[in-house]
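First up is the structure itself, then whatever we jot down about it.
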Amino acid sequence: MKEIFNRRSIRKFKDQAVEPEKIDRLLRAAMQAPSAGNQQPWEFIVVKEKETLESLSQVSPYAKPVANSAVTFVLLANGDALKIPTAWEEDMGAAAQNLLLEAVHLELGGVWFGVATSDAVVENVRKLFNLPAGIKPFALISVGYPDGQKNEFTDRYKPEKVHYEKWL
């Protein structure tokens with residue numbers, strides 16, 4: 001699957017909307033992810049309005065590219081519906097990767113901004129969207145048509161990181 005090998009973090013986007021059918025495909029791809037006990041904890045806020053994108057770009061010092069994206073997906077986990085409470089981050093990581101790979105397939109660019117890794121950023125997202133207590137912010141994924149950057153292959157394989165049957 002060439003998308004796995006070609007995907008790169010794209011942070012610069014053209015001033016061009018992403019078609020609704022592509023947004024739908026991205027969400028469907030995310031929701032096809034595996035999850036522990038099939039708990040499917042994901043919830044999504046789809047942000048396209050420039051004013052909200054600008055506000056969202058302020059939640060983290062690393063999220064500045066959000067402001068110029070065509071669409072940013074706020075990935076959230078519903079903590080009230082977890083069968084396996086310790087697995088929600090793995091579930092959300094799989095959903096995020098599916099969304100990013102589908103973006104490449106659709107000739108879009110995307111970049112993942114961590115949220116769950118910082119209590120301050122979690123609180124900023126929580127306040128911006130007035131989230132209920134049981135909803136856990138996980139990540140932001142900004143998507144758009146790449147402007148100058150490309151999804152292209154860079155070989156990252158390192159055989160010294162592969163161990164067979166034992167550590168050394």
Practice task
For residue 166, list the lysines whose Cα falls under 22 Å from its own Cα; do not include residues on the same chain fewer than 8 positions away.
Solution key: 158
Exercise for the section: Please work out the Cα center distance from region 89-115 to region 22-55, rounded to the nearest Å. Expected result: 9 Å
Problem - the chain: translational diffusion in µm²/s, Stokes-Einstein, Kirkwood Rh over Cα pairs, 25 °C, 0.890 mPa s - result: 147 µm²/s
Practice task
Let me have the relative contact order for region 43-168, percent, based on Cα pairs under 8 Å that are six or more residues apart.
Solution key: 29 percent
Exercise for the section: May I ask you to list the GluC sites (Glu not before Pro) in region 126-168 that are in a DSSP loop and have at most 12 other Cβ atoms within 10 Å of their Cβ? Expected result: 152, 165
Problem - DSSP beta bridges in the chain [antiparallel fraction, %, rounded to 5] - result: 95 percent
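Ordering 88, 112 from largest to smallest accessible area (1.4 angstrom probe), what's the sequence?
Order by accessible area, largest first: 112, 88.
Dividing the convex hull volume of the alpha carbon atoms of region 47-98 by its residue count, what do you get in Å³ per residue? The partial results should precede the final answer.
Values: hull volume 5.5 nm³, N = 52.
Output value, Cα hull per residue: 106 Å³.
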Completion exercise
Filtering the chain for DSSP H helices with an axial alpha carbon extent of at least 20 Å and a Kyte-Doolittle mean of at least 0.5 returns none
Completion exercise
When the charge dipole of the chain is computed with +1 at the Cβ of Lys and Arg and -1 at the Cβ of Asp and Glu, the Cα pointing farthest to the positive end, of 4, 138, 59, is that of 4
Fill in the blank from the handout: Going through 22/136; 12/64; 12/48 one by one, the pairs whose alpha carbons sit over 18 Å apart turn out to be 22/136
Exercise for the section: Check cross-link reach from residue 2 to the lysines: straight Cα distance under 16 Å, and skip same-chain residues fewer than eight apart. Expected result: 150
Practice task
Note the full-extension length gain between residue 86 and residue 149 as 0.36 nm times their separation in residues minus their Cα-Cα distance, in nm to one decimal.
Solution key: 19.0 nm
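The values are calculated or read from the model by the stated rules, or taken from the named source; none is laboratory data. Given the structure is predicted, the values throughout are model-derived calculations rather than measurements. Because the Cβ atoms are built from the backbone with ideal geometry, glycine has one as well, and the counts that use them run over all protein chains shown. The accessibility values were calculated without ligands, DNA or RNA, using every heavy atom of the protein model including side chains. Shrake-Rupley method; radii C 1.70, N 1.55, O 1.52, S 1.80 Å.
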